[in-house]
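Trainee: The structure under discussion is supplied below as structure tokens; questions concerning it will follow.
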Amino acid sequence: MPVNFDLNDLYAFRALVEYGNFRIAAESICISQSALSRRIEKLETAVGAKLFDRTTRRVTLTLFGQTFADRCGQLLENVESMLADIDKVSEERTGLITVATVPSAACHFMPEVIRQFHSRYPRVRIKLIDSSAGNVIDAVASGQADFGICFARSLQPEITFIPLVEDVYVAACRRDHPLAGRKSLTWQAFYQQDYISLDITSGNRNLLDQMLGHIKPERPGICETRHVTTMLGMVEAGIGIAAVPAMSMPHSEHSFLTHIPLIEPEVKRTVGLIRRSGRIQSWIAAEFETLITARYRAA
């Protein structure tokens with residue numbers, strides 16, 4: 001006999017058995033009376049028998065309905081017990097997830113996601129490999145990391161890229177800098193300032209060189225560093241301004257730092273999740289990955 005009903009129909013049946021009144025039963029499971037009636041009719045059609053005798057005042061079980069109610073109660077108890085056991089097992093699960101990520105993405109993506117994941121799986125440990133984009137890709141390709149977070153660039157054929165967010169470049173500066181408060185700044189004007197530059201090995205530097213090849217800086221940078229987080233420290237110290245991905249800026253109001261949109265052109269990078277094609281993820285890595293993609297792809 002095919003099963004042409006679902007758990008929602010059984011919960012509707014149990015509510016009507018308990019209250020003996022369509023209005024009260026419908027309210028107890030937060031649906032309309034008409035929706036409850038449809039579920040009961042669907043269930044009666046599926047089992048091929050009448051389950052209730054209806055009067056203007058009361059709804060009572062038929063003889064077959066009473067037998068069905070006993071079995072239904074047992075079934076729902078088993079389902080609820082199984083779900084409770086699954087929740088308990090989930091809480092007790094242990095393991096290790098290794099995620100490779102560029103530092104700016106680590107600051108932007110990881111804190112809230114790790115907080116949510118830890119509350120759900122408190123015994124699972126998470127290891128972050130925060131490094132350059134090239135090292136992130138290598139860690140994923142070699143299997144050192146379960147998956148990675150970085151921006152799109154030349155990827156090996158065996159690496160799958162799942163886009164998450166578009167990130168634009170901005171000029172980071174101190175709040176007391178003469179440019180602070182401007183609505184935008186051209187790249188040409190940016191390079192006329194005292195600025196901090198990135199090392200040639202930086203993935204961000206390679207991207208900017210590709211996008212800004214037609215713009216020639218009027219002066220070299222005051223200081224050169226490899227990581228965006230170090231650049232922001234230099235900016236905060238008042239050494240100069242710096243072109244950084246927007247997601248690397250502090251989330252909350254910062255005492256010293258602010259930023260200005262960079263234009264002509266607007267330079268963007270697509271940040272996403274990378275994984276090695278064909279690799280079978282552990283259940284915990286898959287759960288963590290799902291949490292990231294659901295949160296940021298929806299946003």
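The values are calculated or read from the model by the stated rules, or taken from the named source; none is laboratory data. Keep in mind that what you see is a predicted model, and the values were worked out from it rather than measured. Here the Cβ positions follow ideal geometry from the backbone for every residue, glycine too, while neighbour counts run over all protein chains shown. Remember, those area values only see protein heavy atoms, side chains included, never the ligands or the DNA or RNA. Shrake-Rupley method; radii C 1.70, N 1.55, O 1.52, S 1.80 Å.
Trainee: Just the number, please: percent antiparallel of the DSSP beta bridges in the chain, rounded to the nearest 5.
Mentor: 60
Trainee: Along Cα→Cβ, 7 Å out, is where each label goes; now give me the distance between the ones at E264 and R54 in nm to one decimal.
Mentor: 7.4
Trainee: Just one of [x] 115, 42, 30; [y] 61, 53, 33; [z] 92, 43, 32 is Cα extents along the principal axes in Å as worked out from the coordinates here. Which one is it?
Mentor: [z]
Trainee: Related question: Where a Cα-Cα gap under 20 Å defines reach, which lysines qualify for K268, not counting those fewer than 8 residues away within the same chain?
Mentor: K183, K216
Trainee: Here's another thing I want to ask about it. 7 Å from Cα along Cα→Cβ at both A286 and N206: what's the point-to-point distance in nm?
Mentor: 3.2
Trainee: Something else now. Run down the lysines and flag those whose C-alpha is under 23 Å from the C-alpha of K42, throwing out any fewer than 8 positions away in its chain.
Mentor: The qualifying lysines are K50.
Trainee: By how many nm would the segment from T230 to L128 grow when fully extended, if each residue of separation counts as 0.36 nm and the alpha-carbon distance is taken off?
Mentor: Here the segment from T230 to L128 would lengthen by 34.9 nm.
Trainee: So for C150, C107, C223, what's the accessible-area order with a 1.4 Å probe, most first?
Mentor: Accessible-area ranking of C150, C107, C223, largest first: C107, C223, C150.
Trainee: I've got another one for you. For K127, give me every one of the lysines with a C-alpha distance below 28 angstrom, ignoring sequence neighbours fewer than eight places off in its own chain.
Mentor: Here the lysines satisfying the reach criterion relative to K127 are K88.
Trainee: Still on this structure, I have one more. Based on DSSP H runs of at least 4 residues, each adding -39500 (n - 2.57), what is the mean residue ellipticity at 222 nm of the chain after dividing by all its residues, to the nearest 500 deg cm²/dmol?
Mentor: Here the helix-only value at 222 nm equals -14000 deg cm²/dmol.
Trainee: Here's another thing I want to ask about it. For the chain, what is the relative contact order in percent, using Cα pairs closer than 8 Å and at least 6 residues apart in sequence?
Mentor: This gives 20 percent for the chain.
Trainee: Between region 125-181 and region 1-78, how many Å separate their Cα centres?
Mentor: Region 125-181 and region 1-78 have Cα centres spaced 54 Å from each other.
Trainee: Among the helices of the chain (complete DSSP H runs), which have Cα atoms covering no less than 20 Å along the helix axis and a Kyte-Doolittle mean of at least 1.6?
Mentor: none
Trainee: Further, regarding this structure: Extension gain S119-A189, at 0.36 nm per residue separation less the Cα-Cα distance, in nm?
Mentor: That works out to 20.5 nm of additional length.
Trainee: Still on this model: Going by average Cβ neighbours within 10 Å, how do the peptides 237-244, 115-122 rank, with the highest at the top?
Mentor: For the peptides 237-244, 115-122, the packing ranking is 237-244, 115-122.
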